[in-house]
Amino acid sequence: MDGRRLDCDGRVNLSVATSDQTLDSSMESERAAYAFLPQTPIKSTDAHLVEFSEAMREGKAAAQAEAAEWKHKYELEKAVKAHRHNTVTKGCSNCDKEKLEQLASQLTLETTSVDPTSCCGNHEICSRQILQDECPGTNKISHDKIAARKAPFKLSWGCNGDNNGQHKHDFVSFEKGDITTAERSNKQILLKWESPPQTVLFVTKPNSNSVHALCAEMVRWLKEHNNINIFVEPRVSKELATEDSYFNFIQTWDNDEEMKTLHTKVDLIVTLGGDGTVLWAASLFKGPVPPVVAFSLGSLGFMTPFCILNPSELYRECLDHVLKRPFGITLRSRLQCHVIYDSAKNEVDTEEPILVLNEVTIDRGMSSYLTYLECYCDSSFVTRVQGDGLIISTTSGSTAYSLAAGGSMVHPQVPGILFTPICPHSLSFRPLILPEYVTLRVQVPINSRGQAWASFDGKGRKQLGPGDALICSISPWPVPTACLVDSTTDFLRSIHEGLHWNLRKSQSFDGPVA
């Protein structure tokens, strides 16, 4: 094997025998490649934890770094096109290059850094690796109403709800130069509180008397029986305070700055409504999201596994279980979208990234022309979209707009990004499923006849003109939703009950013909 071997701790060693002959270029390039491999010792018993933590802190940071690099290339590409348009053939001056470099640095996305030494090293995943205490670059704002700290928790692997250690084996193994993948069992992520939760945020569907009454009853029960601090939206706080002075203990936020610090105060989120209520609850958090317990009180239930047939009884059992015992969660990925306008000249003209749980849609709006888009995946050209538009979806959003446009239904914990055209002007344009670590860039070409419109989870439409671009990557902050049973069982139940998937009458059978 030319002196190359893998130690038992997972580190790569190169022992190349010295000789009088110089190494050729192929050997030098190979050594350079091995030099970039991580040197952190990996215990074979914790391979499943390493796989999870590396995906959360390396894959996401790499995707955001690629997005920043694209912005730089995109600005240079615009400069070249502008000079060609003005018939200038001498190239950019040094001053122009400095301006482009300055603009690219201003448009660089903020990347999150996770300390690799912050993990506890045991058979659990530290909560700060998934839900950090605060957003990067966000200053804490003291709040006099809440003095207690957030309830810490740990995430661990389990098999059908059991933490029995069946997954303590290598996912990828190397033996005699061969690469093999180890057999994998069903892995369910379990959340276990290290101290009891103290603060719960209620997010409710508006304009519903039954939901309002249930919210008031649940708030009263949590306060009287568990002494839980309650947060609600300003709208709900005003309604409850007007209805009964008993609810004066309820807390809320007064402005956007206080809302940005919610994740530092709230231990658990309870949503009362449908999937739209879950989307709204996730949109309140621009960074880490506390665990979400979603009760189904709407028309769809792909993300709301907890059903309430008898509200006065069942919700107490569900909340008691979530507050006091370990429960399964589904980590639902979110897309981080950044709009780059062709007219942006400085940092003031740029906008903050937008996080979506379902999908971002780029369509032609009211224009009579077909949407014309150029799509890139990392540094590779994907295709030109000509049609009604394009959907870039998470796997959680695979059962939403993407499914209606012909995309596939995907398990929410499958790591991927869905690339689905809307009524394409080509019969061979079929949907794609891309890995989650890639970064997508969709731009409106300079020679596009019309404009495009981008909407994020069905709201917040933004107009994209020729030269504008949209960059999408997976956010490092997922939305953890509580499971009624486990991720797979809840997903299959939702498509059977919500979509009546493959529901048909069975063929009759009267026995063999004599």
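The values are calculated or read from the model by the stated rules, or taken from the named source; none is laboratory data. Since the model is a prediction, treat every value here as computed from it, not as a measurement. Neighbour counts are summed over all protein chains in view; Cβ atoms, including those assigned to glycine, are modelled from backbone coordinates with ideal geometry. Ligands, DNA and RNA are stripped out before the accessible areas are found, and what is left, the full protein with its side chains, is counted by its heavy atoms. Shrake-Rupley method; radii C 1.70, N 1.55, O 1.52, S 1.80 Å.
Could you state the accessible area per residue of the range 172-304 in Å², with a 1.4 Å probe and every protein chain left in place? Provide the component values of the computation, followed by the final result.
Numbers: 5890 Å² over 133 residues.
The answer is 44 Å² per residue.
Rounded, prolate or oblate: which one fits the range 334-477, using the alpha carbon gyration tensor with axes a ≥ b ≥ c (rounded when a/c is under 1.5, else prolate when a/b beats b/c, else oblate)?
Since a/c reaches 1.5 but b/c is at least a/b, the shape of the range 334-477 is classed as oblate.
Quick one: net charge of Ala216's neighbours, Cβ under 12 Å, K/R +1, D/E -1?
-2
What's the ranking of 191-201, 334-344 by average number of surrounding C-beta atoms within 10 Å, highest first? Let's see the in-between values first.
Details: 191-201: 18.0, 334-344: 19.9.
Packing proxy ranking, top to bottom: 334-344, 191-201.
For the range 193-325, what % of the accessible area comes from carbon and sulfur atoms, probe 1.4 Å?
50
Could you tell me the accessible area of Arg461 in Å² (1.4 Å probe, neighbours in place), rounded to the nearest ten?
Approximately 120 Å² for this residue.
Quantify, in whole percent, the carbon and sulfur part of the accessible surface of the range 334-477 (1.4 Å probe; protein heavy atoms only). Let's see the in-between values first.
Working: 3060 of 5960 Å².
Here it works out to 51 percent.
Mind scanning Lys205/Lys238; Lys187/Lys260; Lys150/Lys187 and naming the pairs with a C-alpha gap bigger than 23 Å?
From the list (Lys205/Lys238; Lys187/Lys260; Lys150/Lys187), the Cα-Cα distance tops 23 Å for Lys187/Lys260; Lys150/Lys187.
Taking the alpha-carbon centroid of each part, what is the distance from the range 428-460 to the range 273-290 in angstrom?
Using only Cα atoms to place each centre, the spacing works out to 23 Å.
How long is the gain from Gln463 to Val414 if the chain were fully straight, where each residue apart is worth 0.36 nm and the alpha carbon distance is subtracted?
Length gained, Gln463 through Val414: 14.5 nm.
Give me the number: length gained by fully extending Ser426 to Glu194, i.e. 0.36 nm times residue separation minus the C-alpha to C-alpha distance, one decimal in nm.
Full extension from Ser426 to Glu194 adds 78.1 nm.
Taking θ = phi - 60°, what integer Hz values does the Karplus form 6.51 cos²θ - 1.76 cosθ + 1.60 yield along the range 462-475, in sequence order, with x for Gly and Pro?
Listing the rounded values in order: 10, 8, 10, x, x, x, 7, 9, 10, 10, 10, 8, 6, 6 Hz.
Please report the net charge: other residues with Cβ closer than 10 Å to the Cβ of Thr304, K and R +1, D and E -1.
Residues near Thr304 contribute -2 overall.
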